[in-house]
Amino acid sequence: MKAFQYVRSTTAKSAIEALAKDPSAMFLAGGTNLVDLMKRGVTEPDKLIDISRLPYTKIEKESSGVRIGAMALNSQVADDKLIQEKWPLLSLALNAGASAQLRNKATVGGNMLQRTRCGYFYDTEMDCNKRQPGSGCGAKEGYNRMHAIFGTSEHCIAVHPSDMCIALAALDATVIVQGPKGERKIPFADFHRLPGDHPEKDNTLEKGELITAVTLPDSPYAKNVHYLKVRDRTSYAFALVSVAAALELDGKTIKSARLAMGGVAHKPWRLLEAEKALVGQTVSEATFQKAAEVAMTGAKGYEYNSFKLKLAPNSIVEALKIAAGLTA
Amino acid sequence: MKNKDEKIGGRMSRVDAVLKVTGGATYFAEYEVPNLTYGVLVPSTITRGRIKNIDTKKAESAPGVLVVLTHVNAPKVPAYEAKEPSKTSSGRGPGMMAFHNDEIHFNGQPIAMVVADTFERATYAASLVKAEYQEQKHQTDLKANLAKGNVPKTNKSLQDYQRGEKDAYKTAPVNLEEEYVLPSEVHNPMELHGILAQWDGPDKLTVYAKTQGVKMTQQVIAETFKLPKENVQVHSQFVGGAFGMSLRVWPHEIATILAAKKVNRPVKLVITRNEMFTIAGYRPHTHQKIGIGATKDGKIVGISHWANVQNSNYEEFTEATVAMTKFMYQIPNVNTTYRVVPLDICSPIPMRGPGEATGAFALESAIDELSYALDVDPIELRIMNYPEKDPERDLPWSSNYVREAYKMGADKIGWSNRSNQPKAKMEDGMWVGYGMATGTFGAHRRPATARACLNANGTLLVQSAASDIGPGTGTAMVQIAADVMGIPANRIKFELGESNLPDAPIQGGSATVASVGSAVHEACIELRQKLVELSGNALKNAKVDTLVYEDGKINSPKDRSASITYAEVLKRNNLPKLEVTKESKLSEDQQKKFAMYSFSVHFVKVHVHPTTGVVKVKHAVALADAGTIVNHKTASSQMMGGAVGGIGMALTEEAVIDHRFGRYVNNNFADYHVPVNADVPEVDVLFVDKKDPYTTPMGSKGLGEIAIIGMAPAIANAVYNATGKRIRELPITPDKLI
């Protein structure tokens, strides 16, 4: 690991100023991903600005929704009574991620900024446009079992690894950021980006910006929700495919629906068309099959991940069935 | 003795349990000697070729760096200079000569070691070493190189074998021929590998090692550096798991000893988790084919078994992949073929159940497939083809209770709930399947020596240079001594893991209790006899064979007043202590008379999700026919650990190489999936627990290997029973079942 400076900020203002002064400085929150990246030489900041003591740890009810501080721990949010009662999908997704130890350390803001777990990104001897723009993509012709089937570009087929973000995407979250130019709000759908020509950019944060909170609007999805994560082992494994499903039901009729997938794209993959296909329909496996079919439009497999073309729709149906209470 | 848990067959808790859970057990990496320095390796980034140039200047001028050791500046190694084969000590030497020349045999091969005053500084400086290579075309893909397999030269037992007619399965009324593929798996014990080396003089060396044999490590190092054996002291009292990966001295250990010579200070090397995959061995990727044929009423008439095994390009590795096929069932016509395929990768090394675990996946899957083809219960099929004696060598079994184990396991798992038709049952929206498989491993016993020393106060010290990589060796030895001597366990100490102790074999092949335990048993018997001889008049009227040894005393049941404590015997004879050193081994005659094997049977119940393909092991029963169980508590733990390893083999573990580069792409704990708690169901462990009359004085047979052998095929068989899908390439991940 390259030697680095460590400074601690206790206000957003001083943290943002410190970052602005130093082009290679980075914020350090829980450190559960950044420290690994530094150990592997993937990320080599000269300075770490520790923001873990910033006062953004609260989960507060707002007039219409909830505000979750960016420094709230993953386990804290997952266990929060209000979240469990009104936004249970978020709690389910959080608990499907990482391990208990990591969830006790990782923050909400940090979780959103996780880098991909693509093996070619992590190995500094391999080509990776995300790590080293212009070097090529090792995964495209390589071992791409974990990789994307939606929204890829010729430069990158990596996937976004977070579970929490899949639920946030489904629940129409908004990201609150502070920057040198003040505060701005980013709709969750616009926060992460597709690789395109710039796979080195995971998100739309600008230099010097700091996530201070995530807000969720009031939600009718307190009951019929499920987060299904299909993975190679039962815990502490990234998703092959994950599905966040939420249904607003009126008897057997679907009033509204929210669907997002993980493990399939460079960003949380919201399934707007599939949601539309569900609205007004009667709850049934056939309805869910149809939505899953719509959801798969434009999917494309690679040598080792073509199974996702089948696993993804199967998982959508299964998640919806569980959300709707159709399974045993 | 009042406490029956301290007798052979008891459930005594580990003698070192408190040390282990309080941090009192010191592992090699925890030793802090004066003037200690830290080594970090620099890996090759190419897979085959030569080092053209290696630039160490930046690293050398980095803070705290003492030396950057490479093939250019490494001190000479006497054995390498003498051009002696580097595979000293029956293949337990390093195999490849560290920093000896510019050749690159595999990706990740160490090309330099940075030594610095702190680990962090050494790590940073290692990132500054840059090499230029002359690259050659490499081959790491087993599948693409199957045709290049060689007949093994180093292992006669793996040359082509034939009994009866060749490929007789082809003409059998019911037959099948299938391929079974096991990926490469990595041992990944919790404790990382490494060594601490310190030269105490120009020809004297002390090492703290992670080894499965201090005597083996001592011998290899002494031979490599041409030192008298006694000048090499090896300490390895505690080992944090090994599963076979520490059965040899690896090149990076020799490199560390060289570095210590170069800087004239002790050097500690602890390799990284990534390097645990690249430079410290693995279970080899193996392609197998089985042809099996039977009569319509289920009598197996022929079996053929081919195995092609991943190897390195610089030495030959073999394991008994096709062995079980020769004797597990009564089959008149058998032929086996074993080929080693040299590839540009580090050598494999035995991993728990070496060979047999791989072979059992093929054989026990094929038997299961045959049972469906015949529409007969797979247990019935096995019993129908049970061999009354070893059909390979035509010898009686020393003991074989595998049929009893089938019955016990079937009862425990609820085998009667199983349908002989696949995809017949659902439970909670999941397909339900039951499967079972058999495992076996040679009941090995090697020569071993133990010293038993009775002190004046009646306490007993027992010593042997054994290892304890986790099974609880010290505990079993104390129990055996306590049982024979009738001394309470808390007054007995067993010392192991030091090269100056009496000879013990490596801890491999499930032979430690059989070998060292027998030596302890015999030493204690002899010590007892000596005490009787020295007891003088006290016991003169008692017959020796009626004496009872209990509570630190010799008792004569017929004449209670004549009992005498061991301490009193020593006192009367003015002896400060009484010592016996005993070498023990199984007579060759005995070995020729009997076929000695341990057996295991694994039963599992699985749930398989019909649309996501997720497999969940719901219940497992692990049974062992391992003779008398010396300690039921530690033996159960071994069986449970083996079952967990088997779940990894079956469902999650696979080390993946990108063959374009010859580099691993998942050599870390996030991407290489060892099972976690949530993957492990309730595991019931059952023992046949019947004495083997011929193997050891305790009646025990080995246990460590059979604990895993057969678990993976049991799961694969259960998955087939659940889904009707036969997965012949492990691991059984969800993508293979949707």
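Table for the structure above
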{"read-out": "Rounded to whole Hz, the Karplus (6.51, -1.76, 1.60) HN-Hα couplings of segment A:143-159, x for glycine and proline", "value": "7, 10, 4, 8, 8, 6, 10, 10, x, 6, 10, 5, 9, 6, 10, 5, 10"}
{"read-out": "When each of A:K13/A:K105; B:K543/B:K690; A:K105/A:K201; B:K605/B:K725 is checked by Cα-Cα distance, pairs over 27 Å", "value": "B:K543/B:K690"}
{"read-out": "Charge dipole (chain B, unit charges on Cβ, about Cα centre) - positive-most of B:P75, B:V614, B:L370", "value": "B:P75"}
{"read-out": "Estimated 222 nm signal from helices in chain B, with DSSP H stretches of n ≥ 4 weighted -39500 (n - 2.57), rounded to 500", "value": "-6500 deg cm²/dmol"}
{"read-out": "Sparse-neighbour loop sites [trypsin sites (Lys or Arg not before Pro); segment B:88-157; at most 16 other C-beta within 10 Å; DSSP]", "value": "B:K137, B:K153"}
{"read-out": "Charge dipole magnitude, Cβ of K and R +1, D and E -1 - segment A:224-324, Cα centre, debye nearest 20", "value": "180"}
{"read-out": "Among beta bridges that DSSP assigns inside chain B, antiparallel share in %, nearest 5", "value": "75"}
{"read-out": "Separation between Cα centres of segment B:614-674 and segment A:30-80, rounded to whole Å", "value": "35"}
{"read-out": "Order by protection proxy (mean Cβ within 10 Å, highest first), peptides B:379-391, B:696-708", "value": "B:696-708, B:379-391"}
{"read-out": "Pairs beyond 25 Å (Cα-Cα), from A:K58/A:K321; B:K143/B:K425; B:K156/B:K593; A:K140/A:K267; B:K289/B:K736; A:K290/A:K310", "value": "A:K58/A:K321; B:K143/B:K425"}
{"read-out": "Under 5 Å, built H, 5+ apart or other chain: amide partners of B:D55", "value": "B:K130, B:A131, B:E132"}
{"read-out": "Gap separating the Cα centres of segment B:239-274 and segment B:304-339, nearest whole Å", "value": "32"}
{"read-out": "Where B meets A: accessible area buried, both sides, 1.4 Å probe, Å²", "value": "2600"}
{"read-out": "Chain A: relative contact order in percent, alpha carbon pairs under 8 Å with at least 6 residues between", "value": "17"}
{"read-out": "Straight-distance crosslink candidates among aspartates and glutamates, where the alpha carbon sits under 18 Å from B:K153 and sequence neighbours closer than 8 are dropped", "value": "B:E315, B:E316, B:E319"}
{"read-out": "For B:Q233, distant residues with modelled amide H under 5 Å away", "value": "B:L205, B:T206, B:V207"}
{"read-out": "Tensor-based shape of segment B:532-589 (alpha-carbon gyration tensor, a/c under 1.5 rounded, otherwise prolate or oblate)", "value": "oblate"}
{"read-out": "Per-peptide average of other Cβ atoms within 10 Å, ordering A:73-79, B:279-285 highest first", "value": "B:279-285, A:73-79"}
{"read-out": "Computed accessible area, B:F361, all protein chains, 1.4 angstrom probe, square angstrom", "value": "0"}
{"read-out": "Subset of B:K268/B:K701; B:K76/B:K137; A:K81/A:K252; B:K137/B:K262; B:K299/B:K326 violating a 26 Å alpha-carbon distance limit", "value": "B:K268/B:K701; B:K76/B:K137; A:K81/A:K252; B:K137/B:K262"}
{"read-out": "Prolate/oblate/rounded call for segment B:311-424, Cα gyration tensor, a/c under 1.5 rounded", "value": "prolate"}
{"read-out": "Length-normalised contact order for segment A:47-155 - Cα pairs under 8 Å, 6+ apart - percent", "value": "16"}
{"read-out": "Order by protection proxy (mean Cβ within 10 Å, highest first), peptides A:202-208, B:515-521, A:48-54", "value": "B:515-521, A:48-54, A:202-208"}
{"read-out": "Long-range HN-HN contacts of A:A173 with modeled amide H, under 5 Å", "value": "A:F188"}
{"read-out": "J(HN,Hα) series, segment A:316-322, from Karplus relation 6.51 cos²θ - 1.76 cosθ + 1.60, nearest Hz, glycine and proline x", "value": "4, 4, 5, 5, 5, 4, 5"}
{"read-out": "Relative contact order (percent, whole number), chain B, Cα cutoff 8 Å, 6+ residue spacing", "value": "17"}
{"read-out": "Shape of segment A:224-324, Cα gyration tensor, a/c cut at 1.5", "value": "prolate"}
{"read-out": "³J(HN,Hα), Karplus 6.51/-1.76/1.60, whole Hz, each residue of segment B:253-264, x for Gly, Pro", "value": "6, 4, 4, 5, 5, 5, 5, 5, 5, 5, 8, 6"}
{"read-out": "Shielding by partners - mean other protein chain Cβ count within 10 Å, residues of A:305-311", "value": "3"}
{"read-out": "Solvent-accessible area, 1.4 Å probe, carbon plus sulfur percent, for the protein assembly as shown", "value": "49"}
{"read-out": "Heavy-atom accessible area per residue - segment A:5-52, 1.4 Å, Å²", "value": "48"}
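The values are calculated or read from the model by the stated rules, or taken from the named source; none is laboratory data. Keep in mind that this is a model prediction, so the values were computed, not measured. Reconstructed Cβ throughout: ideal geometry from the backbone, glycine too, with neighbour counts over all protein chains shown. Heads up: the accessible areas ignore ligands, DNA and RNA and are worked out on the full protein's heavy atoms, side chains in. Shrake-Rupley method; radii C 1.70, N 1.55, O 1.52, S 1.80 Å.
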